Amino acid sequence: AAKTLDLNAYRLFDIEFAHAAKRRMTIGRDLDSAMQAETITLHYQPVVSFTDKRPVGYEALARWTHDTMGPIAPPEFISIAEETGAIHCLGKYLFDKAVKFASTLDDNLWVAINVSPIQLQRKEFSTGAMDIVRRYGIHPHRIDIEITESASLDMSRTVQDNLRNLRDFGFSISLDDFGTGFSSLSQLLNLRADRIKIDQSFTRGCLQSPEKVGIIRSILGLSAAMGMQVVAEGIETPEISDLLQDLGCDYGQGYLFGKPMDLGG
Ligand code: C2E
Ligand code: MG
Ligand code: MG
Ligand code: MG
């Protein structure tokens with residue numbers, strides 16, 4: 001009996017594996033047409049200044065409602081696009097949309113755009129980004145490029161050249177999800193970011209966790225020493241907002257201040 005059970009377990013595993021593989025294939029196959037049809041869009045979430053709780057900018061977050069599969073979460077389709085290489089095309093498509101949106105906003109508001117480390121591995125990334133910003137005639141300092149630290153941020157020559165070009169042109173650079181995954185202090189040095197975004201895993205539940213507060217304090221100390229601003233992510237309650245403001249974070253983002261919204265960009 002034990003043997004049959006094992007076999008069934010293997011079959012179930014096979015079926016689930018095949019199902020997941022098929023889903024990934026479908027998503028990969030449909031990315032192009034979704035861009036053509038513009039069913040991949042951007043929502044915008046406010047980033048507020050702690051002093052007056054008014055928006056200083058918006059983060060652009062990709063959204064895709066697939067014709068038959070329904071909503072697909074960005075980490076799922078972004079990771080598939082990274083695997084197939086479609087991320088270069090998708091990234092440019094989203095960058096264009098976000099910069100266009102920025103051109104409709106007040107001059108003092110910035111737009112933060114998430115960029116995959118894979119995009120930085122292509123030499124043409126920085127010139128492509130500059131062309132888009134020139135085309136819409138906006139000031140590059142209003143565009144913030146959010147990069148998530150990861151193993152694929154390899155700091156090759158190409159990545160470093162892209163980062164330098166982007167900085168020299170006037171874009172600002174943020175290190176996203178700081179403290180998770182593959183963060184390393186040497187990446188922090190190499191990236192020379194203008195801003196750090198504290199991941200929501202540290203802000204969530206921080207009222208009950210002196211350890212989390214300790215980590216937030218040390219990130220703030222680090223960023224002060226390096227002249228970087230700090231954005232706290234995932235703020236859902238006034239109590240957490242007050243604590244992060246008291247600790248000295250510059251900006252906050254989270255459902256308390258506003259969810260990602262369809263602002264027609
Ligand atoms: P991220 O850049 O760290 O974005 C923050 C995520 O937290 C977003 O999820 C946002 O909707 C969510 N969030 C914001 N405030 C709160 C809050 O108060 N509570 C909770 N529970 N969640 C909150 P989303 O939109 O699902 O995006 C997930 C990740 O997918 C992003 O994390 C980013 O890494 C990636 N992503 C999204 N759009 C893009 C894109 O256009 N390009 C690339 N390369 N990656 C993207
Ligand atoms: Mg982000
Ligand atoms: Mg991220
Ligand atoms: Mg983040």
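Worth pointing out:
- So Asp250, is it acidic (Asp, Glu), more than 22 Å from Ala62 (Cα to Cα), in contact (Cβ under 8 Å) with a residue 24 or more places away in the chain and open to solvent by 10 Å² or more (accessible area, probe 1.4 Å): yes
- Test for Arg164: is it touching a residue at least 12 places away in the same chain (Cβ under 8 Å), among the charged types (D, E, K, R) and within 27 Å of Leu109 (Cα to Cα): no
- Residue within the range 103-110 that is out of contact with any Gly (no Cβ under 7 Å at 6 or more places or on another chain), among the aromatic types (Phe, Trp, Tyr) and either over 26 Å from Ala232 (Cα atoms) or open to solvent by less than 40 Å² (accessible area, probe 1.4 Å) (or both) present: no
- Look at the range 97-114: where a residue is of a type in the set (Lys, Arg) and a partner is part of a loop (DSSP other than H, G, I, E, B) and open to solvent by less than 60 Å² (accessible area, probe 1.4 Å), sitting 6+ places away or on another chain with Cβ atoms under 7 Å, you get Lys97/Gly265; Lys100/Gly265.
- Among the residues of the range 176-219, those that are among the hydroxyl-bearing types (Ser, Thr, Tyr) and more than 16 Å from ligand 3 (Cβ to nearest atom) comprise Ser184, Ser186, Ser209, Ser218.
- Those helices (runs of 4 or more DSSP H) of the range 114-213 in which 1 or more residues are within 16 Å of ligand 4 (Cβ to nearest atom) and open to solvent by less than 50 Å² (accessible area, probe 1.4 Å) occupy 185-191, 200-203.
- Index of the failed condition, Phe101 passing every other in (1) in a helix (DSSP H, G or I); (2) modelled with pLDDT under 95: (2)
- Complete set of residues in the range 162-215 that are hydroxyl-bearing (Ser, Thr, Tyr) and under 16 Å from His141 (Cβ atoms): Ser172, Ser174
The values are calculated or read from the model by the stated rules, or taken from the named source; none is laboratory data. What you see is a predicted model; the values in this text were computed from it and never measured. All Cβ positions, even for glycine, are placed from backbone atoms using ideal geometry, and neighbour counts span all protein chains on display. Remember, those area values only see protein heavy atoms, side chains included, never the ligands or the DNA or RNA. Shrake-Rupley method; radii C 1.70, N 1.55, O 1.52, S 1.80 Å.
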